[in-house]
Amino acid sequence: MRQPSSIYLVLDMQNDLVHADGPNGKTPMGEQVRERQLVAKTAKAIAKARAAGIAVGFVRVGFSEGYPECPQGSPVFSAAQQNGLFKLGGWGTEIHPELEQKPGDLQVVKHRVSPFYSTTLEVQLRARNVQRIYCSGVSTQAVVQATVRDGHDRDYEMIVLEDLCAAHSAQEHANSMQSIGRFCKVEVSDAVVFAHP
């Protein structure tokens, strides 16, 4: 039987959301991403996970031409179509260039907040016998919260790298971390020891 394994999921670290030249670059979220040095520190965490023999996965939000998967009434996503965000095949849905991807990395495209909703994430995790998920990304109150709660309810051990997450303000980030603290372990990237269960 295969040994249980771990994965580090990098959540929504795509150009539309975290690149300084992207649409979010000049927003409060962009300021938090820069202030917290999210991109550089996430790149270090990816390298650290790989060195420990831990799989790495990248989650991104994206929609096909014409936005057929986009929920029209959603307060989160309805603006995406109006502003031309999250177009699959374009620069905006590419993972930030400073975050190294390698062949064999888990890749998930999602059309909602949670990476578990109507995606291949769970089947890919089961195929790798993943039992522990390390995760980080943007935004704390959206994809990070959803990943932690959904992962917890699917019986994964959830570990959030708190310093590699950001929201639209430091307060919103702190509130979000407080609300998911019961569903996960909270670590910081410098101190975390990536390991299999």
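The values are calculated or read from the model by the stated rules, or taken from the named source; none is laboratory data. Every value quoted in this text rests on a predicted model; they were computed, and no experiment measured them. Methodologically, a virtual Cβ is constructed for each residue, glycine included, from the backbone with ideal geometry; neighbour enumeration extends over all protein chains shown. Accessible surface areas use protein heavy atoms only, side chains included; no ligands, DNA or RNA. Shrake-Rupley method; radii C 1.70, N 1.55, O 1.52, S 1.80 Å.
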Legend entry - Residues satisfying the stated conditions in the stretch 78-103, i.e. in a loop (DSSP other than H, G, I, E, B), under 21 Å from Ser136 (Cα atoms) and open to solvent by less than 60 Å² (accessible area, probe 1.4 Å): Phe86, His96, Leu99
Inset, instruction - Could you check how many residues of the stretch 106-129 are closer than 20 Å to Ala45 by Cβ and under 14 Å from the mean Cα position of the chain (by Cα)? - result: 5
Legend entry - Scope the stretch 54-103; condition in contact with a strand residue (DSSP E or B) (Cβ under 6 Å, 6 or more places away or on another chain) and among the acidic types (Asp, Glu); matching residues: Glu69
Inset, instruction - Test Pro28 against the criterion of being crowded, with 19+ Cβ neighbours inside 10 Å and in contact (Cβ under 8 Å) with a residue 60 or more places away in the chain, and give yes or no. - result: no
Legend entry - Residue check for Val10: buried (at least 19 other Cβ atoms within 10 Å of the Cβ), farther than 23 Å from Glu187 by Cβ, modelled with pLDDT of 95 or more and touching a strand residue (DSSP E or B) at 6+ places or on another chain (Cβ under 8 Å): no
Legend entry - Hits in the stretch 37-58 - residues which are in contact with a helix residue (DSSP H, G or I) (Cβ under 7 Å, 6 or more places away or on another chain) and either buried (at least 20 other Cβ atoms within 10 Å of the Cβ) or free of Cβ contacts under 8 Å to residues at least 24 places away in the same chain (or both): Leu38, Thr42, Ala45, Val56
Inset, instruction - Please tell me if Asp190 is more than 15 Å from the chain's Cα centre (by Cα), modelled with pLDDT of 95 or more and over 19 Å from Met13 (Cβ atoms). - result: no
Legend entry - Members of the stretch 1-22 found to be touching a Lys or Arg at 6+ places or on another chain (Cβ under 6 Å) and closer than 15 Å to Ala127 by Cβ, listed by number: Ser5, Ser6
Legend entry - Members of the stretch 125-167 that are β-branched (Val, Ile, Thr) and either touching a Pro at 6+ places or on another chain (Cβ under 7 Å) or buried (at least 22 other Cβ atoms within 10 Å of the Cβ) (or both): Val130, Ile133, Val138, Thr140, Val143, Val144, Thr147, Val148, Val160
Legend entry - Qualifying positions in the stretch 59-70 - farther than 23 Å from Gln101 by Cβ and either among the basic types (Lys, Arg) or exposed (fewer than 13 other Cβ atoms within 10 Å of the Cβ) (or both): Glu65, Gly66, Pro68
